[in-house]
Amino acid sequence: MPARRSRGLFITGTDTGVGKTVVAGAIAAALRRRHRDVGVMKPIETGVGTQGPLDAISLCEAAGATDSLDLVCPQRFALPAAPSVAAAHEGRTVDLEVIRAAHAELSRRHAFLLIEGAGGILVPIRAGYSMADLAAEFDAPLVVVTRASLGTINHTLLTLEAIERRGLVLAGVVISHGSRVISSSDRANLAALRESLGARLAGEVESLPAEARVPAGAIDLDRLLAG
Ligand SMILES: Nc1ncnc2c1ncn2[C@@H]1O[C@H](COP(=O)(O)OP(=O)(O)OP(=O)(O)O)[C@@H](O)[C@H]1O
Ligand SMILES: [Mg+2]
């Protein structure tokens, strides 16, 4: 039986600031090199200031997507906090119907849809509804972005356990080194993480100089799409 061809990926991470947008941009670029039409979505962005939803804008640039920001990022909040918290701060709740409608429209328009979550997989969106529930609704395999520094083994394995427990599909894990140079103890730690991930490891993005692009080949696109 041929492997199921995915029509999208949901990019989550072990934490906020781990490199989800960087990795999503690299996946978008890799898809474009294969002449795949790719749409992007950041369903909920928090910490949105006067410059607008910067993650959503960055994803659109990477994918060459021209959809309106209202579709790409239908729920935006100013407070840089978990979605439910940022919404409550404004006396609001996250509007799931608006998100579902935008997702349906983007899925109709594009052959492939890359979705970036906010924070990690169990971040609350509304009472009793987390990012994992949104990923389940969207039915897209998950890419877990994880940092390279100390603590990452625990964060990564906890995230993978949460994904497995919920019966969600893992496309793969991508390690992003972030902007700081990795210490020698981090390197030893990282070797143990790679080993425990085995075939689930789908890529590693070394520390990039400012404005540099992720090198082609850093992420195994075939591995991510095989899920
Ligand atoms: N491999 C890397 N090399 C250099 N800088 C990196 C790397 N990965 C991430 N960064 C930097 O770390 C910061 C956080 O990355 P990014 O915005 O992709 O994280 P995120 O998980 O999308 O965060 P958020 O939870 O806010 O959406 C950014 O300034 C980004 O440029
Ligand atoms: Mg981001």
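The values are calculated or read from the model by the stated rules, or taken from the named source; none is laboratory data. Just so we're clear, the structure is a prediction, and the values are computed from it rather than from any experiment. Don't worry about glycine lacking a Cβ; one is built from the backbone with ideal geometry, like all the others, and counts go over all protein chains shown.
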- Query: Scanning the range 132-161 for residues that are crowded, with 18+ Cβ neighbours inside 10 Å and among the small types (G, A, S), which turns out nearest to V214 (Cα to Cα)?
  - Reply: A148
- Failed item in (1) modelled with pLDDT under 95; (2) within 16 Å of ligand 1 (Cβ to nearest atom), with T159 passing the rest: (1)
- Scan the range 58-80 and give yes if some residue there is without any contact (Cβ under 8 Å) to a residue 24 or more places away in the chain and among the small types (G, A, S), otherwise no. yes
- Item | Candidate set: the range 39-55, residues that are among the β-branched types (V, I, T) and assigned to a loop (DSSP other than H, G, I, E, B); chosen: the one farthest from ligand 1 (Cβ to nearest atom) | T50
- Of (1) in contact with a helix residue (DSSP H, G or I) (Cβ under 7 Å, 6 or more places away or on another chain); (2) more than 16 Å from ligand 2 (Cβ to nearest atom), L69 fails just (2)
- If a residue has to be over 19 Å from F112 (Cβ atoms) and aromatic (F, W, Y) to count, how many in the range 6-48 make the cut? 0
- Task: Mind counting the residues in the range 100-119 that are of a type in the set (G, A, S) and either surrounded by 24 or more Cβ atoms within 10 Å (Cβ to Cβ) or on the phi > 0 side of the Ramachandran plot (or both)?
- Result: 3
- Query: P124: crowded, with 19+ Cβ neighbours inside 10 Å and either modelled with pLDDT of 95 or more or in contact with a helix residue (DSSP H, G or I) (Cβ under 6 Å, 6 or more places away or on another chain) (or both), yes or no?
  - Reply: no
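Mind listing whichever residues of the range 94-122 are in contact (Cβ under 8 Å) with a residue 60 or more places away in the chain and more than 16 Å from ligand 2 (Cβ to nearest atom)? Walk me through how you get there before you give the answer.
Step one: filter the range 94-122 for residues in contact (Cβ under 8 Å) with a residue 60 or more places away in the chain, giving 102-103, 106-107, 109-121.
A102, H103, L106, S107, R109, H110, A111, F112, L113 - these are the residues of the range 94-122 that are in contact (Cβ under 8 Å) with a residue 60 or more places away in the chain and more than 16 Å from ligand 2 (Cβ to nearest atom).
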- Message: Suppose we filter the range 11-38 for residues that are under 27 Å from R180 (Cβ atoms) and not in a loop (DSSP other than H, G, I, E, B); how many remain?
- Response: 14
- Query: Can you tell me which residue in the range 34-57 is nearest to T16 (Cα to Cα), limited to those that are away from ligand 2 (no atom under 16 Å from the Cβ) and either touching a strand residue (DSSP E or B) at 6+ places or on another chain (Cβ under 8 Å) or touching a residue at least 60 places away in the same chain (Cβ under 8 Å) (or both)?
  - Reply: G39
- Task: Output yes when any residue across the range 193-201 is modelled with pLDDT of 95 or more and under 14 Å from the mean Cα position of the chain (by Cα), and no when none is.
- Result: no
- Task: Would you be able to tell me the number of residues in the range 81-93 that are of a type outside the set (S, T, Y) and in contact (Cβ under 8 Å) with a residue 40 or more places away in the chain?
- Result: 3
- Do any helices (runs of 4 or more DSSP H) lying entirely in the range 108-227 carry at least 2 residues that are within 26 Å of E61 (Cα to Cα), and which ones are they? 131-138, 221-225
- Task: Could you please find all residues in the range 164-178 being farther than 24 Å from L221 by Cβ and either surrounded by 11 or more Cβ atoms within 10 Å (Cβ to Cβ) or at pLDDT below 95 (or both)?
- Result: R166
- Please enumerate the residues belonging to the range 159-198 that are small (G, A, S) and more than 16 Å from ligand 2 (Cβ to nearest atom). A162, G167, A171, G172, S183, S184, S185, A188, A191, A192, S196, G198
